[in-house]
1. Can you pull the percent of segment 480-634's accessible area that's carbon plus sulfur, 1.4 Å probe, other chains left in place?
2. What figure, in Å² to the nearest 10, do you get for the accessible area of ILE467 with a 1.4 Å probe and non-protein molecules left out?
3. Would you mind counting up the charge near GLU394? Only other residues with Cβ under 14 Å from its Cβ, with Lys and Arg at +1 and Asp and Glu at -1.
4. For segment 486-574, what is one quarter of the convex hull surface built on the Cα atoms, given in nm²?
5. Taking square-rooted eigenvalues a ≥ b ≥ c of the alpha carbon gyration tensor, is segment 429-490 rounded, prolate or oblate, where a/c under 1.5 means rounded and, failing that, a/b exceeding b/c means prolate?
6. If I ignore ligands, DNA and RNA and count only protein heavy atoms, how much of TRP609 is accessible to a 1.4 Å probe, in Å² to the nearest 10?
7. Round to a whole number: what % of the accessible area of segment 695-738 belongs to carbon and sulfur, probe 1.4 Å?
8. Treating only the Cβ atoms of Lys and Arg (+1) and Asp and Glu (-1) as charged, compute the dipole magnitude of the chain about its Cα centre; round to the nearest 20 debye.
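The values are calculated or read from the model by the stated rules, or taken from the named source; none is laboratory data. Owing to the predicted nature of the structure, the values given are computational and were not obtained by experimental measurement. For neighbour counting, all protein chains shown are included, and Cβ atoms are generated from backbone atoms with ideal geometry for every residue, glycine included. Just the protein is used for accessible areas: all its heavy atoms, side chains included, with ligands, DNA and RNA removed. Shrake-Rupley method; radii C 1.70, N 1.55, O 1.52, S 1.80 Å.
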Amino acid sequence: MLRRIVLLSLVMNAGCGFDAPRPLHADEPAPAELEFFEKRIRPLLIQRCGECHDRKTGDKNGELALDSGGGLRKGGSRGKLFVPGKPEESLLIKAVRYADEELQMPPEGKLADAEIALLTDWVRRGAALPNDAAVEAGTKGIDIAAGKSFWSFQPLQQSPLPDVKSPQWPRTRTDRYILARLEAVGITPAAEADRRTLLRRLTFDLTGLPPSMNEVEEFIADTRPDAYERVVDRLLLSPRYGEREARPWLDLARYTDTVANWLKGTENAWLYRDWVVRAMNEDRSYDEFVRLQLAADQVAGTPPEDLAALGFLGLSPTYWKELRLAPTVIQTVVAEEWDERIDAVSRTFLGLTVSCARCHNHKFDPVTVEDYYGLAGVFASSQLADRPLLSDAEAQVVRQARDQRSQWEAELKKIKDQSSEPAKRLQAQISELVAATPNINRPWAHVVEDASVYVLPNGEDATKVDIRRGEVRDVPIFRRGSPSNLGEVIPRRFLAVLSPGEPARFQRGSGRIDLADAILTSARPLASRVIVNRVWAQHFGRGLVSTVSDFGRQGDRPSHPELLDDLASRFLENGGSLRWLHRELVLSATYRQQSTGGAGASTDPDNRWLGRMPRRRLDIESWRDALLVGTAQMDDRMGGPSVALDAPSNNRRTLYGTVGRHEQNDMLKLYDFPEPSTHAPNRVPTTTPLQQLFVLNSPFVERCASSLAAIALKTAAGSETPPTSAQRIEKCYRQLVQRPPTDAEVALGEKFLSDSVVGGTVETEAWKLYALALLSLNEIMFVD
């Protein structure tokens, strides 16, 4: 029977596919692999090996220089350092593992297990290295004035609309730029998609859910000239819009509901998630959206409920600090936390990999080590905290009441006889305190506050961490990334390349509000390009700049630079409204194309010039939600604490499923959900046998199949005649993919069902098996 289900699924899915990501040349490392090297491997090699093995000292130490791509490729006197993809055969890995008594590096002591694991993982992944021969000067000095000439650091450019040969095709300004490029390369735009395809595309893109069959039929029958615009406006005003648009942002924000139990808890992370949903539905201006997430506590007049926005930083990863280790070790751990926040903020809002300047000037972009430590001071002066979403005065009352309750509960715990008079007295006091403090049990949001952390010695080879609330500080440069090799103290400030003159010092508290203001003023052109490009990528499968979180020299250049600047300028003119931006893009003729290309499309197999709409696979959230909607099980309640996705009773949107930073749900892992331990700019779809096995074997899909079978077998109210098999099959298709089945699909379904019953399967079970096969349709998982 399993073989028959799989065969049926294969037959029904024949011919379905999706647009694959752009292939890389064989000798071209993937951007993500280069980023891994620059962020994780290069700093490690410089910090732990650079003293003896750089270009100055390498000749005296095994002819090995580890501070350049060329030196790493060349190896040393003992030969090549690594065999890409084969760590067990690599000299570097053998040396750091101390596998050879005659070759143990570094000689003063073995690397930490986590550091060895990083190097091993790098070699296993192919040992990606940049071709940095042309940028070796990056560690010697950076010409900031020259750096400002790079395209992404320039002011937004106003350009006239291009002339086109087919002026009847464009519907929006966007289309003029797209069509001009298509005509230049000899490609004819694809025809407009049919109305069912358009409505499915729109509804999934703007709400993350499929349309109903009634909505499809109403749209097809609507002959008003603005029928499409009406649908767009309806979807943009749906509360489901905020749920949909929140999820890509949460990927950038490293959102998680749970962490390892030895780290600071995140059990109320949902307050930040719900704030993002609400901000999207309220169409907060992008300026306000950014400012509140970085410094809501420092923005005058901020309502208490908006303090939840600080979860962008308040949910940052933290790392275990074993205080029995030396201060230099713990300072390195603390610096890793600063580095992670610099990385998340700079990539999310600026599209720059600033953390690559931690040990030395950025190898590729005009970002200096002084820039890095100017930002590090901001995060060294901002510590994770929890607080109720109340005014400062009300929050103080709750803090005091909680402290008092904790004290009394500790005293009560020491009393063996809980029925004694002292115990009863404490119990009564606790009850009275709770009754007198209405908000005492209100959930506390994960936020940040101005406070500095100092790593201090505590006896011999032990450490204490001193958190000083309300105090801010500047930090020194860690030469080569080492906390034991300190350089000049750098005032808190913004990046020089994005500043109109000398970078101004951050004066207000930790500097988080100054940082937000700098992003939205000095860096306004870059910041607007970055967010516009992210929204473009959501609708078209790839950004105008395909490296959506890297607008530096290592990133790709924009395919349509004039269009990107035009959209960014108009986005700002429209108050930074993300809803306006989504509307502008989905109203375009470019967006309305079918996924089958027109004349000349074969010359652009990657669809870089957008002569058609790409066929895209749904993300795990939309696919799971589509199954729930299609089988009439969706629980559409909004907000609140997360629920385990594996819970049999969990029929809520996937957005509200529990996300774990260290222990992730199997369904999410199978379907390309990003690790919430780091900024995730996009998701790379994979196709694996395990995904199909999940569809055929998971309790969740089985429950959906049972529900769909019950829908098919149900007799319409008031009807005495049960529906035929063909009518039931049609009901399934209309429910799942919003169209009637073809004659061939009906015949295939009827044969499967009749063969199943003849083979001894009872009718209800046969329909469950048929429903299970239908739920594996590519048509459910993909959108044209």
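1. Details: 2340 of 4970 Å².
Carbon and sulfur atoms account for 47 percent of the accessible area of segment 480-634.
2. 80
3. So the surrounding residues net to +2.
4. Working: hull surface 31.6 nm².
The orientation-averaged projected area of the Cα hull of segment 486-574 comes to 7.9 nm².
5. Numbers: a/c = 4.24, a/b = 2.45, b/c = 1.73.
Cα axes put segment 429-490 in the prolate bin.
6. About 50 Å², rounded to the nearest 10.
7. Details: 1080 of 2110 Å².
Roughly 51 percent, rounded to a whole number.
8. Details: 100 positive and 108 negative charges, 48 e Å.
Dipole about the Cα centre, nearest 20: 240 debye.
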